[in-house]
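Novice: Can you keep this structure in mind? I'll have questions shortly.
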Amino acid sequence: MLFGSVGGVFSKYAASQPFFSQNFCLAYAALLITLVIHAVGWQQIIKHLPLNLAYASKSVGLVYALIWGVIVFDETVSIGKIVGIIIIIGGLILFAASEDF
């Protein structure tokens, strides 16, 4: 999930650059590399974990997105976003703790 979120950082950075500039092309190339790594990693995850657990863990990407937004793009974090992240993490904990998955 980390590589998927890093790909989002490269994507947002590329979008802020002039089209086909050197920075745009470098960010886009980095995005493609991270997407390939993410895809291969995802295939390994679903190979070794139950599918419902693997898909439930994808929501952790939202936590990474919030962190990257603050660190890299100086975005602000609202109370609503913090509450949302707490709900997501709480749901994951409840899901992982259930015996029926």
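The values are calculated or read from the model by the stated rules, or taken from the named source; none is laboratory data. Quantities reported herein were computed from a predicted structural model and do not represent experimental measurements. Virtual Cβ from ideal backbone geometry, glycine too; neighbours counted across all protein chains shown. These accessible areas exclude ligands, DNA and RNA; they are computed on the full protein's heavy atoms, side chains included. Shrake-Rupley method; radii C 1.70, N 1.55, O 1.52, S 1.80 Å.
Novice: If you place +1 on the Cβ of every Lys and Arg, -1 on the Cβ of every Asp and Glu, and leave all else neutral, what size is the dipole of the chain about its Cα centre, to the nearest 20 Debye?
Specialist: Values: 4 positive and 4 negative charges, 37 e Å.
The dipole of the chain has a size of about 180 debye.
Novice: Quick one: pull the percent of accessible area on the range 52-101 belonging to carbon and sulfur, 1.4 Å probe, ligands and nucleic acids left out. Can you show the working numbers first?
Specialist: Working: 2490 of 3500 Å².
Within the range 52-101, the accessible surface is 71 percent carbon and sulfur.
Novice: As I understand it, the value is the acute angle between the Cα axis of helix 2-15 and the longest principal axis of the Cα atoms of the chain; what does it come to in degrees, rounded to 10?
Specialist: Once rounded, one gets 30 degrees.
Novice: If you fit an axis through the alpha-carbon atoms of helix 60-73 and take the longest principal axis of the Cα set of the chain, what angle between them do you get, 0 to 90°, nearest 10?
Specialist: 30
Novice: Still on this structure: What value, in deg cm²/dmol to 500, does the helix sum -39500 (n - 2.57) over DSSP H runs of n ≥ 4 give at 222 nm once divided by the residues of the chain?
Specialist: Numbers: 5 runs with 81 residues, N = 101.
About -26500 deg cm²/dmol.
Novice: Beta carbons within 10 angstrom, averaged per residue: use that to sort the peptides 8-20, 36-48, highest first.
Specialist: 8-20, 36-48
Novice: Here is a further query. Could you state the accessible area per residue of the chain in Å², with a 1.4 Å probe and every protein chain left in place?
Specialist: Roughly 68 Å² per residue, with all protein chains present.
Novice: Quote the FRET efficiency, to the nearest 0.05, computed for ALA29 versus SER57 with a Förster distance R0 of 41 Å and r equal to the Cβ-Cβ distance. Walk me through the intermediate numbers first.
Specialist: Working: r = 28 Å, r/R0 = 0.67.
Between ALA29 and SER57 the formula returns 0.90.
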